[in-house]
1. Filter region 94-106 down to the residues that are loosely packed, with under 13 Cβ neighbours inside 10 Å and hydrophobic (A, V, I, L, M, F, W, C), then identify the one that is nearest to residue 116 (Cα to Cα).
2. Out of all the residues in region 59-79, which are outside any loop (DSSP other than H, G, I, E, B), in contact (Cβ under 8 Å) with a residue 40 or more places away in the chain and either of a type in the set (Lys, Arg) or under 16 Å from residue 132 (Cβ atoms) (or both)?
3. If residue 147 passes every condition in (1) under 20 Å from residue 74 (Cα atoms); (2) part of a helix (DSSP H, G or I); (3) of a type outside the set (Gly, Ala, Ser); (4) touching a helix residue (DSSP H, G or I) at 6+ places or on another chain (Cβ under 6 Å) but one, which one does it miss?
4. Taking only pairs six or more apart or across chains, which ones have beta-carbon atoms under 7 Å, a first residue in region 126-150 that is without any contact (Cβ under 8 Å) to a residue 40 or more places away in the chain and closer than 15 Å to residue 86 by Cα, and a second residue that is in a helix (DSSP H, G or I) and not hydrophobic (A, V, I, L, M, F, W, C)?
Amino acid sequence: MRWGAALQPPSSGPAVPVPAGDTAPAVPPPDDGGPEPPQAPRPDRRRAAPLAKRPGVRPPLSVERAVLSRDLAVLKREATDALAALGAAHAVVTSARLAQVQNVRSEVQAGRIAEDDLVELAGDYQAWQNDQVRLFDALALVLGMPVPEGRAFDQIDASLTAPARAHLSALAAEYQRRLLSDQFSAGDKEG
């Protein structure tokens, strides 16, 4: 929730509480003597922040809906796009960490910085490097995976549809449980 609040644009004045279901008060139009045009409700600025950018608030991906409505090729493409973007972001940070390590190393050699700082920074760089390797391994794995045309349930015999749907529901519930568990463990580390 703190991350989401930090991403929300600052308001220009003091926040005015708005009851649930209400919108911000409309500004009256200038009186020109004609009939008043109907006013469209304007959303509160605080509610206008995109929920997708607020990790503690946004609804997670509906695994069931995605599996039922998307072709396997589309799911594969979405997975590779996301892995490629995350891998690229990791690579950028990793190379910046390496540049920091090299700068701090020259400072240590000159005697201006303690060697412990270099050891700590090098450990941080190594962790980023390891994660980057794992991300690109996962990307290569997904890219090389053959996927048949059609949706997942097109590949299943009609007599097995009900058990397959139950299995999908269980997998989706496990994904949601893991997301919640990760969020709570991340909150414990922060607080």
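1. Going through the qualifying residues, I end up with 99.
2. Residue satisfying the conditions is 76 alone.
3. (2)
4. 128/90; 128/94; 128/97; 129/94
Laboratory data are not the source of any read-out in this text; all were calculated from the coordinates shown. Here the structure is a predicted model, which is why all the values come from computation and not from measurement. Glycine gets a Cβ as well: all are built from the backbone with ideal geometry, and neighbour counts include every protein chain shown.
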